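The values are calculated or read from the model by the stated rules, or taken from the named source; none is laboratory data. Because the structure is predicted, anything quoted here is derived from the model rather than measured. Positions of Cβ are generated from backbone atoms using ideal geometry, with glycine treated the same way; all protein chains shown enter the neighbour counts.
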């Protein structure tokens, strides 16, 4: 386990998750995250040598569908659900790369 | 005529004999909701005209013909809102039916309305809802459990004959236990997740709340089965889960995990569960002690895996294509403001943990490690089930707690899922049914039964035998 | 100091499938915005992906074509980053277990290594306005194959040849149409420079926004000297992403390393892994086409074509296929005609007609020069050469009776040329031939005319 949980960079994590946090939230979540990390540190007790990770709860493979096209949905619904749209496009504030 | 207190099985008989009409029944439910939902606040959304219109055309020959069912606000129903109790989805209208909804419609059920929940199914009390708190029908000062608290309260409060919820770490079984109804989490892969707004994709399952085990079997028969829209759905035939309900428990071995009777468990809960075990023994079951040695790590594993998956699953709520948007100067700011304003504290907390657990430099130590320990937890169950046919345990270490009691202590809240979480990690099926009440105040206590993967038949058989030999399912809250 | 460039390419190829990678929406270029979308490819709450079998097959086929090892156990992962063109704000891609590993693309004289090929989903398309951007999700979820090369290219020419060869292979296999204008093939370059002899790579720069294979070459032709010049001035090269501006012929900084992503990859829980069985592999192996290099060799051997001709024909899969049907008895002549065709797929011409044209010329029915006119007409009308020759009245007169009459007329009308010939000036016969051609309005078979004239002059 990384020991250095004292130096959690909450701003960096919030940025990765695109979450605007108030200062009060930052303080609170940083402390709670630290508590959680201290709690999950108990996993370091477990010897997992040679143990495969479980990514799926059922052991299926090759779940594939035939390459067939189906009708799409009514574009009007798509645009209606979008907060902003124009000329058939879904509109956002300008994307700067 | 107090139709609302009936079971599916009871009402089906009345409907088919023509004693009542589907419209009468639906109207009775709407009246009941009108009468008590002001207190319980189980429902978020109702469309009485639509419900009655469905009743008028319901095919009563179908397995759920004319039966009003409530739906957790996490399942998509065409034309209905689907907010997951989150502000970020206010204003969003579903454009498609979840597979379980299609199955309910095909079975003749009436979709009564949408029920409250913890935001994005994150919570154990239904206090994390942007729409307000749902109350426990047995004590309005207490929580109904969560995250499917609305669906549980609706059935326990007789505002629905049955309902659907979702269970990622106990979100069906725990509220069922706390409100005194039957809650079933099917084996992962048995019920299609298509249309269920994902919290943790490798753990989520949809399941029913009902008043009896027989009703649970009936609901499961309708919603189980392979779905080509869900790659994790297992292609296997669906048995009639009611067929072996009355086979009894004689010659069945019931496993008692020694790790599940922990210090800090409520004494009345422990006493009720131990008595239930005796009851199963007296019905002819053989009780054997088993061990699930990695139980103590389940909560840690769960909170790493579930939050990591959630951090990605909830990334799509960004105010671009649907839902609420808080506009910022540019795209980045629009994302951050939208998500900062749209998500409640518990959701933010879990996104932060999940993001952190996956981020550069921590993946192996947290997420990968958790997935490996998850393998050990699965193996625990596989080994245990070589010695027994079903496992018996408490559902929740305590009965329903008071509103606000654990809001500021997330760790305490997380630990209340300790008995249910392992089942999701292993992928097995689990069910909670009433096994008694605390004395003062009178609060339901839940008994959890855990079955082998895809052996819901045995699970329901044990549950039915216990239920039919005890009076608990006949108790009703005084509302 | 002498520097050398180290170039690696990341090529994204849209697979030719009917439907998108995870849903049944049509993969169609040029549809009205947001009309080829559904809850799945829009990332609506609650939807789940189901993998398109054909996309998996085509990726494996691509791997087989360039000699990759097909991974027995392959899985998908979520690559997390926020961007408005990405409906779920994570891209389903393959991180550590891609479908194909290793392999190489043959260019003249060397093999350029391929690291891996993985299958992922394409993103949407954004349009930028004054203060806003608009997103069209039609492209979102299109099956996209990423082919990552080893950093083994050393020059813009290497990169050009690699891309050209790769494109040929993929088109031949029917994996993709690789139309760069439609975005079906896109390429990012990683390029660094280092002193010749140094083993360690220099700091690499990523270049984006090249819209053609020649654009990639131009961008590298700009970027490599830029880096060398900067180092020459004692400057440092920083790891950064630069954008190629084809019009200005320059690269400029897009973002620096400080904005490096933390993609937080983890296994996609909604998709099951793929295990490639021997039976599945055998099925796909049956689809393996003859690859361009092998076909080139066969054309040279089987049809006796010069290397150049074989190269031109094979470079265009449709042309090569057409050629094989048309080759007939004189493949070299057929190849000559065909190499002048810019796009065989848009003409109504039939393969057998080219053979007919060659026969008409070989038999002396028309001249080679007339053949060009006939061929041009064949390309536009699709009519057979016989019909065109007839319609244009081009058939050469080989009727000796008619020709003899013309010849006598020419001899009678040009006593000077006749005298010259008899005096020993053999070239004087050409003037007489010219005269016959004129009299016959160009239709006389010149060879035959020459023979008749010679006979008549000798006997006269």
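Please go through the stretch C:400-429 and pick out each residue that is under 54 Å from the mean Cα position of the chain (by Cα) and modelled with pLDDT of 85 or more.
Passing the criteria: only C:407.
Going through the stretch A:40-97 one residue at a time, which ones are closer than 19 Å to residue B:94 by Cβ and out of contact with any strand residue (DSSP E or B) (no Cβ under 9 Å at 6 or more places or on another chain)?
Those that are closer than 19 Å to residue B:94 by Cβ and out of contact with any strand residue (DSSP E or B) (no Cβ under 9 Å at 6 or more places or on another chain): A:73, A:74, A:75, A:76.
Given the criterion under 22 Å from the mean Cα position of the chain (by Cα) and within 14 Å of chain A (Cβ to nearest Cβ), identify the matching residue among C:174, C:103, C:183, C:134.
C:174
Might you check whether a residue that is within 14 Å of chain A (Cβ to nearest Cβ) and surrounded by fewer than 24 Cβ atoms within 10 Å (Cβ to Cβ) occurs anywhere in the stretch B:384-407?
Yes, the conditions are met somewhere in the stretch B:384-407.
Select from the stretch C:1-16 the residues that are surrounded by fewer than 22 Cβ atoms within 10 Å (Cβ to Cβ) and assigned to a loop (DSSP other than H, G, I, E, B) and write down the one among them that is modelled with the highest pLDDT.
The residue in question is C:16.
To keep it simple, each residue is scored yes or no on (1) assigned to a loop (DSSP other than H, G, I, E, B); (2) surrounded by 12 or more Cβ atoms within 10 Å (Cβ to Cβ); (3) touching a helix residue (DSSP H, G or I) at 6+ places or on another chain (Cβ under 8 Å); (4) within 7 Å of another protein chain (Cβ to nearest Cβ).
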| site | (1), (2), (3), (4) |
| --- | --- |
| A:35 | no, yes, yes, yes |
| A:50 | yes, no, no, no |
| A:55 | yes, yes, yes, yes |
| A:58 | yes, yes, no, yes |
| A:77 | no, yes, no, yes |
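Could you list all residues from the stretch C:21-41 that are closer than 11 Å to residue A:72 by Cα, part of a loop (DSSP other than H, G, I, E, B) and within 7 Å of another protein chain (Cβ to nearest Cβ)?
C:24, C:25, C:34, C:35, C:36, C:37, C:38, C:39
Looking only at residues in the stretch A:79-97 that are at the interface with chain C (Cβ under 7 Å from one of its Cβ atoms), over 16 Å from residue C:41 (Cα atoms) and not in a loop (DSSP other than H, G, I, E, B), which one is modelled with the lowest pLDDT?
Top of the filtered list is A:93.
Can you tell me which of A:18, A:70 is surrounded by fewer than 18 Cβ atoms within 10 Å (Cβ to Cβ) and either at the interface with another protein chain (Cβ under 7 Å from one of its Cβ atoms) or touching a helix residue (DSSP H, G or I) at 6+ places or on another chain (Cβ under 6 Å) (or both)?
A:70
With the structure loaded, tell me whether residue B:301 is touching a helix residue (DSSP H, G or I) at 6+ places or on another chain (Cβ under 7 Å) and on the phi < 0 side of the Ramachandran plot or whether it fails that test.
Criteria met by residue B:301.
Report yes if residue B:222 is farther than 30 Å from residue B:346 by Cα and buried (at least 17 other Cβ atoms within 10 Å of the Cβ), otherwise no.
Yes; evaluated as a whole, the condition is true for this residue.
Of the numbered conditions (1) over 17 Å from residue B:387 (Cβ atoms); (2) under 21 Å from the mean Cα position of the chain (by Cα); (3) more than 14 Å from chain C (Cβ to nearest Cβ), residue B:305 satisfies every one except a single condition; which is it?
Looking at each condition in turn, residue B:305 falls short on (3).
Return the residues of the stretch B:350-381 that are in a helix (DSSP H, G or I), facing chain A (nearest Cβ under 7 Å) and closer than 14 Å to residue A:8 by Cα; say none if nothing qualifies.
Within the stretch B:350-381, B:352, B:353, B:355, B:356 qualify.
Are any of the residues in the stretch B:449-464 more than 15 Å from the chain's Cα centre (by Cα) and part of a strand (DSSP E or B)?
Yes: one or more hits.
Tell me, which strands (runs of 3 or more DSSP E) wholly within the stretch C:80-173 include 1 or more residues that are touching a residue at least 40 places away in the same chain (Cβ under 8 Å) and touching a helix residue (DSSP H, G or I) at 6+ places or on another chain (Cβ under 9 Å)?
C:104-107, C:110-121, C:125-128, C:132-136, C:143-149
So residue C:155 ticks every box in (1) modelled with pLDDT of 95 or more; (2) touching a strand residue (DSSP E or B) at 6+ places or on another chain (Cβ under 6 Å) but one. Which box is left unticked?
Among (1) modelled with pLDDT of 95 or more; (2) touching a strand residue (DSSP E or B) at 6+ places or on another chain (Cβ under 6 Å), the lone unmet condition for residue C:155 is (2).
Please go through (1) more than 28 Å from the chain's Cα centre (by Cα); (2) free of Cβ contacts under 8 Å to residues at least 24 places away in the same chain; (3) within 7 Å of chain A (Cβ to nearest Cβ) for residue B:333 and return the number of the only condition it doesn't satisfy.
Against the list (1) more than 28 Å from the chain's Cα centre (by Cα); (2) free of Cβ contacts under 8 Å to residues at least 24 places away in the same chain; (3) within 7 Å of chain A (Cβ to nearest Cβ), residue B:333 comes up short only on (3).
What residue, of B:274, B:321, is assigned to a loop (DSSP other than H, G, I, E, B) and modelled with pLDDT of 95 or more?
Answer to the selection: B:321.
What are the residues in the stretch C:44-68 that are assigned to a loop (DSSP other than H, G, I, E, B), free of Cβ contacts under 8 Å to residues at least 60 places away in the same chain and more than 9 Å from chain A (Cβ to nearest Cβ), if any?
C:45, C:46, C:47, C:67, C:68 - these are the residues of the stretch C:44-68 that are assigned to a loop (DSSP other than H, G, I, E, B), free of Cβ contacts under 8 Å to residues at least 60 places away in the same chain and more than 9 Å from chain A (Cβ to nearest Cβ).
Just to be sure before I move on: is residue B:302 crowded, with 24+ Cβ neighbours inside 10 Å and closer than 25 Å to residue B:372 by Cα in the structure I sent?
When the stated conditions are applied, residue B:302 passes them.
Restricting attention to the stretch B:41-50, and to residues there that are touching a helix residue (DSSP H, G or I) at 6+ places or on another chain (Cβ under 6 Å) and buried (at least 21 other Cβ atoms within 10 Å of the Cβ), which single residue is nearest to residue B:143 (Cα to Cα)?
My answer is B:42.
Do we find that residue A:13 is more than 24 Å from the chain's Cα centre (by Cα) and facing chain B (nearest Cβ under 7 Å) in this structure?
Judged against the criteria, residue A:13 is not a match.
Does residue B:236 count as in a loop (DSSP other than H, G, I, E, B) and touching a residue at least 40 places away in the same chain (Cβ under 8 Å)?
Yes: the conditions hold for residue B:236.
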